[in-house]
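Contents: one structure, followed by commentary.
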């Protein structure tokens, strides 16, 4: 079963991969299906129903915005984030949509976009159902599930998608860390070599390299935007952006690291804060592997390239991303990367594990040490709940990415100083994460009905 870097890393807009990127993809796919069936030109009205976590926290996560943009034919990878506010204002004021960018239909968000706060569809906590009507009645309906990281499947595809992945032909198939490390040891290859060979079996190497370079470029641009953008984040919490002020203070004293080596951590924190403030503001980010955890991998990769520079930086960055994707695919195959499914351990925990293993590879660790780093990165995130205040991807999400980044670096260093032997394997910690998520009460899984969300009064 092969999960590609093209799936684990995708370019989109904030604030949430499950609640923004996924629903936008689902909405545009629904209209494309209508068009393929020759029904789009007859469509007189559209209606969207959002269930489970999408119904509970969708407004704070921008799901309404995502569905509207999807109905207008926008894709997460290409939509202009700077045009969103103006377009939404037009839709709400005129009560009209330009479906697939072609023609206008009547659309009243109050009646055509429904948040079901007490209903959950059977397939997944992030469920949605779209309906299309002509002047005589319903001409199409489809249920979709946003299963984490921007992945979207139709209801009937939940099992079919698994079977399709199992038939993908790659030279080094792996479903477990044990199988992955086994390939490395037998072939004397690194994790990134294994992942790269599998990717190139599905796609030309030039396209794989170009996509990895695009992901890194987008991450760098996101950090730079976050370092310079100021103001208040959208939503009722009125959270002030901190990264730009933080950046200015660090620039004032560039020699600080000579006096306090822990200044390096300040930079790591800064990179993560910059990304996740951009995400919270609806800016362009890389889903890595989710938007809620989008700051960890770019933060740790910025740390690696700045404080551990390599002559062959382009190749090492690609290897970092390939290694992190190999680890992320194990969680996607055997557990979950959805906060609504297993809590924040499936988002920040997985991103921490991916970044830890990738950094271990970057600094020259063996495959066994890389597995050790990834395991440590998750082991100390087990049980992490998802309880965003006000349903916004801001508190505790933004700081949590900074904490996860530092934890990933420490996990890599612990593994680096060891010999690769670990009492708990990565496969065992992944199974434990899944079991912990299943045992976790629903109110702690992206519902804003437990934890900080109910113990901190919204301002």
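The values are calculated or read from the model by the stated rules, or taken from the named source; none is laboratory data. Since the model is a prediction, treat every value here as computed from it, not as a measurement. Don't worry about glycine lacking a Cβ; one is built from the backbone with ideal geometry, like all the others, and counts go over all protein chains shown.
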Which listed residue is more than 25 Å from residue 306 (Cα to Cα), surrounded by fewer than 24 Cβ atoms within 10 Å (Cβ to Cβ) and in contact (Cβ under 8 Å) with a residue 40 or more places away in the chain, from 424, 393, 406: 424
Which of the following residues is more than 15 Å from residue 378 (Cα to Cα) and either in contact with a helix residue (DSSP H, G or I) (Cβ under 7 Å, 6 or more places away or on another chain) or outside the structural domain of residue 335 (by TED's automatic domain parsing) (or both): 430, 398, 414? 398
Within the stretch 76-98, can one find any residue that is within 26 Å of residue 333 (Cα to Cα) and out of contact with any helix residue (DSSP H, G or I) (no Cβ under 6 Å at 6 or more places or on another chain)? yes
Show me the helices (runs of 4 or more DSSP H) found entirely inside the stretch 214-323 where at least 2 residues are farther than 28 Å from residue 64 by Cβ, outside the structural domain of residue 81 (by TED's automatic domain parsing) and in contact (Cβ under 8 Å) with a residue 60 or more places away in the chain. 263-280, 296-307
Subset of the stretch 11-23 (residues that are surrounded by 24 or more Cβ atoms within 10 Å (Cβ to Cβ) and in contact with a strand residue (DSSP E or B) (Cβ under 8 Å, 6 or more places away or on another chain)): 12, 13, 14, 17, 18, 19, 20, 21, 22, 23
When residues of the stretch 5-42 are filtered for being out of contact with any helix residue (DSSP H, G or I) (no Cβ under 6 Å at 6 or more places or on another chain), modelled with pLDDT of 95 or more and part of a loop (DSSP other than H, G, I, E, B), how many remain? 3
Suppose the filter is under 22 Å from residue 117 (Cα atoms) and in contact (Cβ under 8 Å) with a residue 24 or more places away in the chain; does residue 379 pass it? no
Turns out the helices (runs of 4 or more DSSP H) fully within the stretch 388-459 with at least 2 residues that are within 25 Å of residue 358 (Cα to Cα) are 397-416, 426-439
Here's a check for you: in the stretch 375-387, which residue that is assigned to a helix (DSSP H, G or I) and over 18 Å from the mean Cα position of the chain (by Cα) is surrounded by the most Cβ atoms within 10 Å (Cβ to Cβ)? 376
Mind listing whichever residues of the stretch 166-192 are under 25 Å from the mean Cα position of the chain (by Cα), more than 19 Å from residue 426 (Cα to Cα) and in a helix (DSSP H, G or I)? 166
For residues that are crowded, with 24+ Cβ neighbours inside 10 Å and farther than 30 Å from residue 211 by Cβ, scanning just the stretch 24-54, find the one that is farthest from the chain's Cα centre (by Cα). 46
